[in-house]
Amino acid sequence: MIDDIRLEGSTPLQQQLYEQLSQRILRQRYLPGSRLPSSRQMAGDLGVSRNTVNAVYDQLKAEGFLQSRAGKGVFVHEDIATAVKPAGPGLERPIRTAAGLPPLPVPTHTNIRTAEDANLPFQPGLPDLDAFPIRSWNRILHHQESRRALRGYDSIQGYLPLRRAIADYLRTSRGVRCEEHQVIITNGAQQALSLIADVFLQAGDRVLCENPGYRGARYALGRHGNPLVPVPLRNQVLDVGALEGLGPAKLLSCTPTHQYPMGGVLDLAQRMALVQWAQRNGCWIIEDDYDSEFHFYHKPFAAIQGMFDNAPVLYVGSFSKTLMPALRTGYLVVPEPVIKPILNAKRVSGGETPLLAQATIAEFIDSGQFGRHLRRMRQLYQDKWKEFQQKVTVELDGLVHPVAESAGMHLVLEGTFDDLALSQWLETCGFGSTPLSAHFIGKQVQTGLVMGFASASEQQMDDCLAALKTRLLAT
Ligand SMILES: Cc1ncc(COP(=O)(O)O)c(C=O)c1O
């Protein structure tokens, strides 16, 4: 009976024997009611101690796999037959799905990047990780680590000193009208967008999305199956004039200070028209202010959120670009009546945000280092932006058209090529990018590559553009 049992490798013998016997019983290789060898015999055959076999038999008896019959020996439990093949309404036929799992969720078609892909040079959205002031950061981190107050629970809304620091920063640098109690810390901008979907959307509510636009917003806002209605761009920004013809909507998602991915900036008149349209139509604006710290030649336009009293705006920000994505820390600023519903939604989707990261960011801001870091990064990204743009113009002349607002961390290289295939090929060369066509809803698409220059060195720019040139000339 036990000829096929093999005990080898470094796993403890008792564990191996337990697993092999229980598996054989479950798969009915050892039938219910059949007799197992005595512990003495099994120990002898397998070359293990009798204590080991007795311990495994005891465990299997306690779990209902085996039963002892006085004076007769140890048997596979009779009841195993019904446990393995349960009978009853709905249980007649075993469910057959992948690898015997219960029914699987409806498949979605979005690719989830691996860690390697996500951190390739030119990956859009990736900051220059080497330029991060890691020593000063670590000093603050070590100081915060030892604080007992950070070892327990905290408020769902987020660490108060961080909310205070964010509110100060947003008031002075972005013109956002807010107090600390309106700031809610989230697990990146992504959680902020998902919470908005949870709180605001009922079945059938329509959501307006810039087209092309940020895919993270589309995934979050479409997560309950609500219709996503594309809003076209005009001169690389949301076409505010087109909104009237698009029908009612509960939410409008946009990136007014640096359209993602095309890079345009909504001017003052368009901002006012947008807020007025939203007020007239009872629509909430999601203002995703993801990288406005990096405008190179002038101060960015103040946020829409602060333009009017009671503007129907849900303001979303993130430390992924200004500090680092690994912190997974973002924030939402919402009007008073929206605070509680968002906190209730946050309580059930992840709860609190890790305290140590929040406290470290708060001290980093309060000590003035955040401001210094932003000034350094703005200069660095401006230099990289100029350099990459120049190199593209020289190297890929006539092959691509760079779309380059003087801001942010990425460029779009428009061109008439199969952008998905080109982006996949670039990845095999060790360079990140996203195909422009993937940022569109529906069929009307432009093609090109979205390329993040912030994470690339000069050498990587040269190598990547040389590779692209060869490929584009060959196809
Ligand atoms: C348009 C836009 N919004 C928000 C984010 C930030 O997302 P998160 O804070 O979840 O990293 C990004 C990052 O790539 C982005 O491109």
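The values are calculated or read from the model by the stated rules, or taken from the named source; none is laboratory data. Note that the coordinates shown come from a computational prediction; the quantities given were computed from them, not determined experimentally. For neighbour counting, all protein chains shown are included, and Cβ atoms are generated from backbone atoms with ideal geometry for every residue, glycine included. In case anyone asks, the SASA skips ligands and DNA or RNA and just uses the protein heavy atoms, side chains included. Shrake-Rupley method; radii C 1.70, N 1.55, O 1.52, S 1.80 Å.
Here are the numbers:
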{"quantity": "Antiparallel content of DSSP bridges confined to the chain, in %, to 5", "calculated": "65 percent"}
{"quantity": "Separation in nanometres of the label points that stand 7 Å from Cα toward Cβ, at residue 366 and residue 378", "calculated": "2.5 nm"}
{"quantity": "Over segment 372-474: Rg over Rh, Cα atoms, Kirkwood Rh", "calculated": "0.97"}
{"quantity": "Normalised contact order of the chain, rounded percent, pairs of Cα under 8 Å and 6 or more residues apart", "calculated": "17 percent"}
{"quantity": "Those lysines that a straight Cα-Cα span of less than 23 Å connects to residue 72, excepting residues fewer than 8 apart in one chain", "calculated": "61"}
{"quantity": "Two-decimal Rg/Rh across segment 13-94, once Rg and the Kirkwood Rh are taken from alpha-carbon atoms", "calculated": "1.03"}
{"quantity": "Largest to smallest principal axis extent of the C-alpha atoms in the chain, angstrom", "calculated": "93, 58, 52"}
{"quantity": "Estimated 222 nm signal from helices in the chain, with DSSP H stretches of n ≥ 4 weighted -39500 (n - 2.57), rounded to 500", "calculated": "-12000 deg cm²/dmol"}
{"quantity": "Using alpha-carbon coordinates, inclination of helix 336-348 to the longest axis of the chain, degrees", "calculated": "30 degrees"}
{"quantity": "Too-long pairs where the Cα-Cα distance tops 23 Å, listed order kept, from 391/469; 250/299; 321/386; 250/346", "calculated": "250/299"}
{"quantity": "Between helix 369-395 and the chain: long-axis angle, C-alpha atoms, 0 to 90°, nearest 10", "calculated": "80 degrees"}
{"quantity": "Area accessible to solvent at residue 378, 1.4 Å probe radius, in Å²", "calculated": "80 Å²"}
{"quantity": "Estimated vicinal HN-Hα couplings, Hz - segment 229-236 in sequence order (Karplus 6.51, -1.76, 1.60; Gly, Pro = x)", "calculated": "9, x, 10, x, 9, 9, 6, 6"}
{"quantity": "Length-normalised contact order for segment 372-474 - Cα pairs under 8 Å, 6+ apart - percent", "calculated": "29 percent"}
{"quantity": "Fraction of accessible area attributable to carbon and sulfur, segment 133-369 (%, probe 1.4 Å)", "calculated": "53 percent"}
{"quantity": "Surface per residue (accessible, 1.4 Å probe) for the chain, Å²", "calculated": "49 Å²"}
{"quantity": "Percent accessible area from carbon and sulfur atoms, segment 372-474, protein chains only, probe 1.4 Å", "calculated": "48 percent"}
{"quantity": "Percent carbon-and-sulfur accessible area, segment 13-94, ignoring ligands, DNA and RNA, probe 1.4 Å", "calculated": "49 percent"}
